[in-house]
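The values are calculated or read from the model by the stated rules, or taken from the named source; none is laboratory data. Please read these numbers as outputs of a predicted model, since none were measured by experiment. Cβ atoms come from the backbone with ideal geometry, glycine included; neighbour counts cover every protein chain shown.
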Amino acid sequence: MKIKDQVKTKYRLSLQQDAIDEQPQQAGFEGGGADRSRVERRTFLKMAGFTVGAGLSWGCTRGGDRKLVPYLVAPEEVVPGRPYWYASVCGACPAGCGVLAKNLDGRPVKLEGNPDHPISQGGLCAIGQASVLALYDAKRLKAPFNRGQESDWSIVDQEISTEIERLVASGAKVRFLTDSCLGPTDSHIIEQFLDRFDDGRLVIYDSISSSAIADAHALSHGIRAVPRYHFEKADFIVSFDADFLGTWISPVEYTRGYRAGRRFDGELRAFSHHTQFESHLSLTGSNADQRVVVRPGGMRAAVAHLADTVARRLGKKVLSSDLPESGVEQTVMDDICKRLTTHRPGRALIVSGENDRQIQLIVNHLNEMLGAYDAGVVDLEQASLQRRGDDRALLELRDEMARGEVDALFIRGVNPVYDLPFGQELAAAMEGTALVVSFSDQHNETAEHAAFVCPEPHFLESWSDSEPVQGVFAIRQPVLRPIGNSRTMMESLARWTGVSAEARDIIRDSWRQRVFPRAADGATFRQFWDKTLHDGWTEVARDAVESAYDAGALAGLNLRPQAEPKSLVAVTHASMAVFDGRHAHNAWLHEMPDPITKMTWDNFAAIATATAREHGLQTGDEVRLTTPDGVALTLPVLVQPGLHGNAIAVALGYGRKGTDRFTAIGPRWLEGTPTIEEGGMIGANAAPLIRIVDGNLQFSGRAVTLEATGVKRPVGCTQQHHSLYIPERLAIEENERRDIVRETTVIALKTESAHGEHGHDEHLSLWEEHAMPDHHWGLSVDLNACTGCSACVVSCQAENNIPVVGRDEVVRSREMHWMRIDRYYAGENEDIDVVFMPMMCQHCDNAPCETVCPVQATAQSAEGLNQQIYNRCVGTRYCANNCPYKVRRFNWFNYPKEDRLQNLALNPDVTIRTRGVMEKCSLCVQRIQYAKIESKRQGRPITDGEIEPACAQSCPAKAIVFGDLNDPESRLVRANQDPRQYQVLAELGVKPVVSYLKKVRNRTESGGSDERS
Amino acid sequence: MGDQMSGPNVYSELRMPLVDGNKRVGDITADICRPLEGRAGPLWWVAFLTAVTVLGVGVAAVGYLFSKGVGVWGLNRTVGWGFDITNFVFWVGIGHAGTLISAVLFLFRQRWRTAVNRSAEAMTIFAVMCAGIFPLIHMGRPWLAFFVFPYPNTRGPLWINFRSALCWDVFAISTYFMISLGFWYIGMIPDLATLRDRTVSKFKKKIFAFFSLGWDGSMRTWSRYETVYLLLAGLATPLVFSVHTIVSFDFATALIPGWHTTIFPPYFVAGAIFSGLAMVLTLMLIARKTMGLENYLTSRHVDSMCKLIIGTGGIVGLAYATEFFIAWYSGNEYERFVFINRALGPYAWAYWTMVSCNVLVPQFLWFKKIRANLMIVWILTIFINIGMWFERFTIIVTSLHRDFLPSSWTYYIPSKIEIATLMGSFGLFFTCFLLFCRFLPVLAMAEVKGVLGYARGRASTENGGSS
């Protein structure tokens, strides 16, 4: 049940829209030509309120007394302390997830996925959650820059306009370089702008490129597009290195779909089978039922072998009778093939994240054979617009720039000097280009070489729009007045062509002309616009798409291996923290433990255990990676199980300029070391390891040599033991593995549920139990749904004002995250299993922490919450010692923020803790209290699902369920009746209210053929 | 001093004289008061200045701790207690020997205690002071330490948590300190009176007169004194067992494997007495040489204390074995793991130090020859103290660092500030003890006089018996 149904105007319209609503209806009034002075006064007051609030929070120090100045004339319907939700679109990556921005005290403090939006469906990834911190970044450029000097818009506009006129007159070559984070209006405005020039072209490239997918579809289906993948319709998923749960194209959407296909709610409805072929250990691979480790460079052969096995089985034509060997045994391929072909067609989905046209052509061929296109599992009709990059156009641009042919270059949303292997050549070429304009909001590697830097505002402070998949449109509205004097690109372009227009008006015009006509429901534009603003999205009619498979595309397929079979090969991949580097200035993301490696504040050369042994390396030893053509990278080693012996996996996105801003992060004390030294960089840039092969950016395959430098680097890992198995020499028979994470298989479950087996312990107690007559809050965590993406970790940090502690403190095992995801390996070499276990305060009914606090700073509430009372805590840490789950976090120091502006990211509903105080997960008590107050105000009981703690709300897989244990109808109680339910360390008698549902793997113990529904 | 089978003074082994050198009552007073009256020798000054410097380092470390936060220690999210509580339990344990000697041995009529009890009790008080500092400074917000007391307030009223072992600690340690202080002081009154009567300095006379509460040495006063002494001894005796039992409850009432065990109360009490006696011997063996007290602190005293050490050390060793056996016998995987991890895991070096110092070292004291060699005994007591410190370290840190969930396993390394704080506590202890040696009678003169005639034999009545 959606909360929206109960609370009428839950999602606000824009700030400006509210103002316009005040206007009496005038003839011909369409909302565009609003009475400027009226709007300005209201927005001025809102800004005044915000500024006062900002000024107050800037001035606030611990223990200080400040006067509060209430609004002189309060904006109507704004109640201080009450949150207002505005629908917008996240701009942290090109996926385009709809969000609801929570505006509290005049500013956004939290983002939540829009439950109605078809891409995010209520979830939001870690990067999206952290983007609210990027809004309050004092180091964002606050004014345009003219040749390195801060300037102002009038001067910059004048110069650029003049230059543009000159370019128009002289028949110049103008190129616009951007990425897929480009809304339809932005696209249109750029096209209009480029039309003025004789040779103007828009070049879109994605730093994590999926250009080969589109190229392959152009050849095989006649449409150059990345399809929309419907994981929920797939019973069999075979992924060739596509990290669809982690970083590939639209992870929130895919996680949701994937989860929908793997439900076990008491009875088996649908449970997909997922096979992952990869060389390094990705998040998706760690969740797969079957994981096949492939030699880096052997992926082409692997896909080809599978395609031919399937073709033979289905009686179709094989690709080649003489395929190169892939290193994968034929029995594995036969097994997979049997699974794919035994049941009715149209239930399989093959994907690949390799940016290799040959592989993508074979993947299309496989999908076609298995009927994936016809069944709509691979949807070309509603294709994705989340990766529109074209590597060939990018390379053409590179060549043009190298030849000095380009007269003007506009760069927006990308950092090519940093994230491309030929970045330095590009930089040199840019120096020779007549006009280079960057729209970046920081002096990044590319903007350094731009004559003009015209900073764009953050996505939370500007108008824009988005079309993530064809036909689905959304409006991105500002939730805050811009901090600093930045201007959206569309406004800048308009200004430079002599038109003075606001972004909102530009978008409205664009929509009126091109989106609204496609809307079907007969509303006026005003109604259409308002509804879209309110809902956060809309869907309009799509053009019919004709696509037919052309087997001729396979002609001339190149099946040679992509890399030498015997050498060490670099495998680069996007980071789940900083993506491609665009978020390298976000402290929350750096401190978020990487879901697989649990490392923070650095990137690593991840090597397989066998390789490490061979070279005598341990985690933390520094190595130098060198390539034959002179690329050298210095990185610390990470010994990573699950890697192929030849693979050295390095995350992209590190080694960004400006990361020495974090030198002030973390407490300063005698033995402490700063997170990064002055002038240093967090991590090393792995972009030089990217190759260009066949007109595509290739992220793996470069041969490297490894040599130790002899230096030992501190590693900020939040976990020091990575297995549920006790170290061998300390283990006793029968007690080698701890029963903390429990797994089961689909077959075992079906048998169990058939027999109605349901083991639950009963605890007898001598004492009177706590009486909890009203509510008894609890959580259920479905380990089967959890992919380990860590969105909950960052969401909790944003919601609960958890401090950033810096690298040194993490090295000392003192990270502050209330919510953590424990990651355990089973096995050591390539063949490993990975399990994830989200762990937060279990709010034990019989809490061991409560009995031992001498000052009663932790107590049981009447609703089952274990409360931590900050102002009573004297910090003896006995409670943390006695917690068997080790979920308590102590404030060892006062943790400084980077600067005061970041205080605005704090959630006003949650206390800030001083040093010496213990803190821990509170089940988002502020949200519980808010729901109780609201329900009381409205005179109704609290409904199930109304309260969602930050972690549960943000989870793209909806793995966490919050509810009332006293309510037999609640989802929580029903989840607890699942035969998979168990509690961690239940035998201790602490009676946690957090239950876990066993992880289900779709495999047999013997690894034979599996069942499916 | 050996059997003399001939002559008028025949001593049986059971009745060896407690004071050597044919001392008379007046000699005792002179011997004990002499160090208090003259100028302090260079040896005392060197020791005192060293102790004060070390104390200064400790004070600086604690000051830095207060200004920056508990993060200046090496603790982390898994190991919340390290050096801090180790030191706390270590110091409290040391204090127990003093009370044992003063109170328990008094009730058991062990007259040899009279030579040791004053300084042992002083040692107890200083040890408890050192101990009491640690719960205070280990808090995250020590300026709010008064929250642990049930003081009247308007917040409910808000009481403390009586179920918490730390709360019991507060009461136990404060009771222990007050009773020990009271007992020590009251026992000292006759001696303070002696000093009052002896001092020449007017200022000192005033002080001693104030503290000796008008002692007149009359029969009635003595009679009352003895009664009070007996009562206080009776009050203090249960403290020997209860205080360290309560300190052990800090661990036993927790659910962490390695802590959650009922053997802790007797194990800790025995260990406390064990370490305390070792510390008494360490101090006494130095004091007797430097202050010329060989006739009072004879090898027989040392011998008796060594026997007590073997006894309590034996209990401790037995407790180690019992813990291991019960852990295995219980079949509880976490309990079993903790002990194997202690012996073979990353802290095995601490564990084996503990075992060798606490179990192997006292075994040497079975041999009379070794007991008689005071130099060796002194070295052995140092090892015993090191071993007992490591026992607390092992119990606290190895149980915490690898508990239930493997994801939270860490390693704890103390920071320099923690080491400085530990040293500082020794500095405080020795500073106080050296001041005590300088200004107060190291031996209980009145009590030693009381046992002077012991074993003189009824034959030697010409000395007039005991005074």
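Annotations
- Residue list for region A:912-926, restricted to those being out of contact with any Pro (no Cβ under 6 Å at 6 or more places or on another chain) and more than 14 Å from chain B (Cβ to nearest Cβ): A:912, A:922, A:925, A:926
- When residues of region A:424-439 are limited to those that are in contact (Cβ under 8 Å) with a residue 60 or more places away in the chain and surrounded by fewer than 24 Cβ atoms within 10 Å (Cβ to Cβ), the one nearest to the chain's Cα centre (by Cα): A:435
- Candidate set from region A:839-857 (those that are outside any loop (DSSP other than H, G, I, E, B) and surrounded by 24 or more Cβ atoms within 10 Å (Cβ to Cβ)); member that is farthest from the chain's Cα centre (by Cα): A:852
- One residue stands out among those in region A:168-224 that are of a type in the set (Ser, Thr, Tyr) and in a loop (DSSP other than H, G, I, E, B): the one that is farthest from residue A:699 (Cα to Cα), which is A:170.
- Tabulated pairs, region A:279-307, first within 18 Å of residue A:255 (Cβ to Cβ), second of a type in the set (Phe, Trp, Tyr) and part of a loop (DSSP other than H, G, I, E, B), C-beta under 7 angstrom, 6+ apart or interchain: A:284/A:244
- Selection status of residue A:182, at pLDDT below 95 and crowded, with 17+ Cβ neighbours inside 10 Å: yes
- Pairs meeting the criteria (first residue in region B:165-176 and within 11 Å of another protein chain (Cβ to nearest Cβ), second residue part of a helix (DSSP H, G or I) and of a type outside the set (Val, Ile, Thr), beta carbons under 6 Å, at least 6 apart or on different chains) are B:165/B:249; B:165/B:250; B:166/A:878.
- Restricting region A:65-105 to residues that are of a type in the set (Lys, Arg) and out of contact with any Lys or Arg (no Cβ under 8 Å at 6 or more places or on another chain) leaves a set whose member that is modelled with the lowest pLDDT is A:66.
- Of the criteria (1) closer than 24 Å to residue A:618 by Cα; (2) within 14 Å of another protein chain (Cβ to nearest Cβ), which one residue A:704 fails: (2)
Let's see how each residue does on (1) touching a helix residue (DSSP H, G or I) at 6+ places or on another chain (Cβ under 6 Å); (2) over 28 Å from residue B:133 (Cβ atoms); (3) not in a loop (DSSP other than H, G, I, E, B):
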position: B:180; (1), (2), (3): yes, no, yes
position: B:185; (1), (2), (3): no, no, yes
position: B:192; (1), (2), (3): yes, no, yes
position: B:196; (1), (2), (3): yes, yes, yes
position: B:214; (1), (2), (3): no, yes, no
position: B:222; (1), (2), (3): no, yes, yes
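- Among the residues making up region A:858-872, those that are touching a Ser or Thr at 6+ places or on another chain (Cβ under 8 Å), part of a loop (DSSP other than H, G, I, E, B) and either buried (at least 21 other Cβ atoms within 10 Å of the Cβ) or touching a residue at least 40 places away in the same chain (Cβ under 8 Å) (or both) are A:865, A:870.
- Residues of region A:930-958 satisfying the condition of being more than 20 Å from the chain's Cα centre (by Cα) and either in a helix (DSSP H, G or I) or within 13 Å of residue A:791 (Cα to Cα) (or both): A:930, A:931, A:932, A:933, A:934, A:935, A:936, A:937
- Residue under evaluation residue A:897, criteria (1) surrounded by fewer than 19 Cβ atoms within 10 Å (Cβ to Cβ); (2) at negative phi; (3) at pLDDT 95 or above, criterion not met: (3)
- Taken over region A:797-810, the criterion of being surrounded by fewer than 23 Cβ atoms within 10 Å (Cβ to Cβ) and either within 14 Å of chain B (Cβ to nearest Cβ) or without any contact (Cβ under 8 Å) to a residue 40 or more places away in the chain (or both) is satisfied by A:808 alone.
- Qualifying residue in region B:318-334 (condition: crowded, with 22+ Cβ neighbours inside 10 Å and within 14 Å of chain A (Cβ to nearest Cβ)): yes
- Failed item in (1) within 30 Å of the chain's Cα centre (by Cα); (2) not in a strand (DSSP E or B), with residue A:158 passing the rest: (1)
- Residue match in region A:464-479 (condition: within 21 Å of the chain's Cα centre (by Cα), on the phi < 0 side of the Ramachandran plot and assigned to a helix (DSSP H, G or I)): no
- Region A:881-890: number of residues that are facing chain B (nearest Cβ under 7 Å) and either under 11 Å from residue B:408 (Cα atoms) or in a loop (DSSP other than H, G, I, E, B) (or both): 3
- Restricting A:776, A:770, A:843 to residues that are modelled with pLDDT under 95, in contact with a strand residue (DSSP E or B) (Cβ under 7 Å, 6 or more places away or on another chain) and not aliphatic (A, V, I, L, M) narrows the list to A:770.
- Across region A:714-741, the qualifying residues are those that are buried (at least 17 other Cβ atoms within 10 Å of the Cβ) and more than 9 Å from chain B (Cβ to nearest Cβ), and the one among them that is farthest from residue A:811 (Cα to Cα) is A:741.
- Selection status of residue A:266, at pLDDT below 95 and on the phi > 0 side of the Ramachandran plot: yes
- Here residue A:318 clears all of (1) assigned to a loop (DSSP other than H, G, I, E, B); (2) of a type outside the set (Asp, Glu); (3) touching a residue at least 24 places away in the same chain (Cβ under 8 Å) except the condition numbered (3).
- Residue B:173 being touching a Ser or Thr at 6+ places or on another chain (Cβ under 9 Å) and either in a helix (DSSP H, G or I) or at pLDDT 95 or above (or both): no
- Single residue of region A:478-502 satisfying the filter (aliphatic (A, V, I, L, M) and under 20 Å from residue A:107 (Cα atoms)) that is surrounded by the fewest Cβ atoms within 10 Å (Cβ to Cβ): A:483
- Those residues of region B:43-77 which are at the interface with another protein chain (Cβ under 10 Å from one of its Cβ atoms) and in contact with a Leu (Cβ under 6 Å, 6 or more places away or on another chain), in sequence order: B:72
- Against the list (1) in contact (Cβ under 8 Å) with a residue 24 or more places away in the chain; (2) touching a Phe, Trp or Tyr at 6+ places or on another chain (Cβ under 8 Å); (3) more than 14 Å from chain A (Cβ to nearest Cβ), the condition residue B:113 fails is (1).
- Qualifying residues in region A:391-423 (those that are in a loop (DSSP other than H, G, I, E, B) and among the acidic types (Asp, Glu)) - the one surrounded by the most Cβ atoms within 10 Å (Cβ to Cβ): A:407
- Qualifying residue in region A:675-683 (condition: surrounded by fewer than 14 Cβ atoms within 10 Å (Cβ to Cβ) and either touching a Ser or Thr at 6+ places or on another chain (Cβ under 6 Å) or under 30 Å from residue A:387 (Cα atoms) (or both)): yes
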